[in-house]
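Read through the structure below, which is laid out as structure tokens, and then see the notes.
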Amino acid sequence: MSSFTKAGSKRKASEHLDAPSNVGPTLKVAKIHSFFGKKTEPTLSGSYKWLDPLGPALSCLHGVNLNPKPSTKVAAFDLDGTLIKSDFGIGSSRKASTSTPTAAPSWEWWRASIPAKLKEVIDSGFTVVIISNQALKPAALKAWKLKISSIAAALPDVPFRLFAASAKDGYRKPMPGMWTELERIFVEDGVTIDKAQSFFVGDAAGRQYTGTKSDFSSTDRKWALNVDISFLTPEEYFLKLPPHTNFTLPGFNVSSLPTDLPTITPTSSPLLPHPPKQELVLFVGYPCLGKTTFFRSHFEPAGYIHINQDTLKTRDKCVKEMQRHLQDGKSCVIDNTNRNATTRKYYVDVANQLKVSTRCFYFMGSIELAWHNNLYRTFNLPPSVATVESKRELVPYIGFSGFRDSFEGPSLEEGFREVKKVNWVFKGTLEEKKYWSMWLQIDGK
Ligand SMILES: [Mg+2]
């Protein structure tokens with residue numbers, strides 16, 4: 001607070017907001033309107049406008065205050081707890097969800113110096129972008145939109161662009177969708193962002209404190225890491241406090257995976273019988289561990305029949321389909337999760353009756369990795385890939401927890417001639433690997 005000494009008249013106005021007050025929200029906001037209304041013509045109402053929402057589900061809300069110019073230097077800010085005081089857990093938005101809003105919910109600047117500081121940022125050639133997660137119910141969202149107009153009206157000389165992720169998808173921080181949209185929009189205007197000169201300020205920084213409450217989340221810090229721009233907390237950026245180095249980034253990151261694993265073990269026996277021989281192969285493993293891709297690479301070229309319950313709907317149909325093909329002398333792969341011995345026995349028994357030998361391919365990988373791959377495939381493919389690939393639906397978390405809760409590792413006692421283990425090895429371009437390697441999460445799974 002004290003580091004901003006060049007207090008202009010505008011700043012004094014915003015300081016009203018920081019002062020404890022019993023004045024109701026609408027009165028408080030009206031005060032700002034009238035103050036700035038005297039200074040700036042024409043009237044401030046309508047300085048902010050919502051543009052068409054973005055994304056396949058139109059979940060990325062998008063708006064502009066005044067007429068923000070693209071710049072190679074981006075100053076990005078989180079909203080709640082960064083530019084304005086957070087109403088996290090006690091918020092006016094929660095109250096608003098039970099009634100139809102007519103006035104903007106109350107809000108206050110995080111510190112009185114915020115408007116002046118944002119003006120400084122604009123004056124030094126940055127473009128200002130607000131990046132916010134707002135998974136609110138429709139009524140609350142309506143109130144929140146009124147709040148944005150009210151905030152914009154209090155920034156009559158700060159053009160800015162705002163993105164808000166309104167659903168749990170690839171726009172939600174820490175996933176980088178809002179940045180991807182920003183880059184795309186700027187490129188359309190012939191501007192390529194210089195990441196080295198850009199930064200993001202947010203309060204969800206994973207900071208740990210002794211004796212007091214830690215940050216509720218670390219998604220802002222993770223977002224900056226994903227986007228690959230500098231990160232600062234509001235205290236570091238606005239108050240010039242030294243960096244808070246005691247922070248944690250909980251959750252799964254691919255950097256925790258072992259490297260240099262052989263793809264398949266044991267390597268002493270061939271992947272396919274040599275010479276070729278009819279067989280049944282059962283896959284075992286979580287969804288999203290590359291089972292179908294493995295089939296396409298190794299078994300399909302050798303003429304194996306692909307049997308999959310997502311396609312055939314029931315296990316009974318899978319068993320019948322397999323039986324028919326085995327009787328025809330074909331080899332089959334059962335590309336299901338095949339979580340326990342009971343499930344696998346349905347297939348093994350039929351193969352045994354037909355005197356066809358069976359093998360098992362066990363796809364290794366934790367539930368965290370499998371879920372991460374699910375998020376990656378659904379929400380975080382590189383933009384160049386996402387635009388050409390057909391949209392995938394997220395596999396629900398129950399598909400992963402259900403497997404985990406009833407899993408039995410495959411063993412030779414079940415009648416398999418061999419059990420091979422398939423380790424997860426990312427296959428793709430460098431660009432794809434970059435997007436796969438990001439922090440990916442959706443709150444509450
Ligand atoms: Mg925040």
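Summary of values
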item	result
Length gained when the stretch residue 306-residue 387 is fully extended (0.36 nm per residue, less Cα-Cα span)	26.4 nm
Amide H partners (placed H, <5 Å) of residue 214, local residues excluded	209
Euclidean distance between Cα centres, the range 285-300 to the range 361-410, Å	12
With Cα atoms, 0 to 90° folded angle of helix 367-379 axis to the chain main axis	60
Those GluC sites (Glu not before Pro) in the range 321-398 that DSSP places in a loop and that have at most 16 other beta carbons within 10 Å	389, 393
Radius of gyration and Dmax over the Cα atoms of the chain, both given in Å	27.6, 91
Computed helical MRE - 222 nm, the chain, DSSP H runs ≥ 4 contributing -39500 (n - 2.57), nearest 500	-9500 deg cm²/dmol
nm² value of the averaged projected area, convex hull over the Cα atoms of the range 264-436	10.4
Contour excess over end-to-end distance, with Cα ends at residue 352 and residue 253 and 0.36 nm allotted per residue	31.4 nm
Using alpha-carbon coordinates, inclination of helix 341-353 to the longest axis of the chain, degrees	30
Residue-span extension gain [residue 377 to residue 324] - 0.36 nm each, minus C-alpha spacing	15.7 nm
Distance (nanometres) between label positions extended 7 Å along Cα→Cβ at residue 405 and residue 239	4.4
GNM result for the chain, Cα springs below 10 Å: residue of 202, 211, 285 fluctuating most strongly	211
Order of 411, 149 - criterion: other Cβ atoms within 10 Å of each residue's Cβ, fewest first	411, 149
Förster-model FRET efficiency, 51 Å R0, residue 315 and residue 72, C-beta, rounded to 0.05	0.35
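Only the coordinates and a few stated rules stand behind these numbers; no lab work does. All of these numbers come straight from a predicted model, not from anything done at the bench. Cβ sites come from the backbone with ideal geometry, for glycine too, and all protein chains shown count toward neighbours.
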